[in-house]
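The values are calculated or read from the model by the stated rules, or taken from the named source; none is laboratory data. This is a predicted model, so every value here is computed, not measured. So basically every Cβ, Gly included, is an ideal-geometry build from the backbone, and we count neighbours across all protein chains shown.
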Amino acid sequence: MSMVKQETSVAGGDAAGIESADLFDAESRGRLSGPGLRSFVNIAALWRLSERERILVLGCPARSTYHNWVSKARAGEEISLPLDTLLRISAILGIHKDLRILFGDPARGAQWLAAPNAAPLFGGQRPLELVLSGAQMGIIEVRRFLDAWRGGLSAAPLDHAIEKGTWSDEDIEIVDA
């Protein structure tokens with residue numbers, strides 16, 4: 001089955017000057033898979049995810065498949081992950097980026113993920129529980145929550161040290177990501 005190339009027009013031109021050709025064809029997936037998986041492995045190590053948890057986050061590939069992917073990615077060999085797996089990795093990269101922006105220190109961001117959270121989305125559970133649910137939507141919900149928080153949109157008060165205390169202009173840091 002061949003994929004049809006499509007263009008998205010916005011006011012007489014394409015969106016952001018990019019044609020929306022099928023970004024998920026085998027060639028694109030092959031280009032993104034190795035770097036994405038290597039980044040995921042580094043983030044999973046920072047978050048102290050077990051092998052089982054890493055496999056859950058990636059959508060439950062067989063253990064041998066997971067190790068084959070990682071081995072090929074580390075060796076710089078050609079690899080093409082399934083679209084579902086790439087979307088999961090993309091959401092994990094977004095969560096990592098948001099945590100870096102919000103907390104500055106990757107270790108502090110990992111602590112936030114691992115701490116119980118009173119926000120309605122988490123219901124007292126650790127945000128990591130949603131990430132580890134095995135469902136792609138759980139990962140995306142954590143990403144959306146952090147995107148909203150990072151963007152200054154309304155979020156329920158959190159039972160976290162970052163929410164306690166008084167903030168001043170000196171506490172604001174502009175990060176160009």
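Filtered by the rule that a residue be loosely packed, with under 15 Cβ neighbours inside 10 Å and not hydroxyl-bearing (S, T, Y), region 69-81 gives R74, A75, G76, E77, E78.
The residue that is farthest from E141 (Cα to Cα), counting only those in region 51-68 that are surrounded by 13 or more Cβ atoms within 10 Å (Cβ to Cβ), touching a residue at least 12 places away in the same chain (Cβ under 8 Å) and in contact with a Lys or Arg (Cβ under 8 Å, 6 or more places away or on another chain), is Y66. Scanning region 136-147 for residues that are surrounded by fewer than 18 Cβ atoms within 10 Å (Cβ to Cβ) and in contact (Cβ under 8 Å) with a residue 60 or more places away in the chain gives a single hit, Q136. Please verify whether L93 is surrounded by 14 or more Cβ atoms within 10 Å (Cβ to Cβ), within 23 Å of V175 (Cβ to Cβ) and in contact with a Ser or Thr (Cβ under 8 Å, 6 or more places away or on another chain), treating the condition exactly as stated. In short, yes. Residues that are among the aromatic types (F, W, Y) and surrounded by 18 or more Cβ atoms within 10 Å (Cβ to Cβ) do occur in region 115-135. Mind listing whichever residues of region 124-143 are touching a Leu at 6+ places or on another chain (Cβ under 9 Å) and of a type in the set (S, T, N, Q)? Passing the criteria: S133, Q136.
Among the conditions (1) within 18 Å of G94 (Cβ to Cβ); (2) assigned to a helix (DSSP H, G or I); (3) at pLDDT 95 or above, the only one that S33 does not satisfy is (3).
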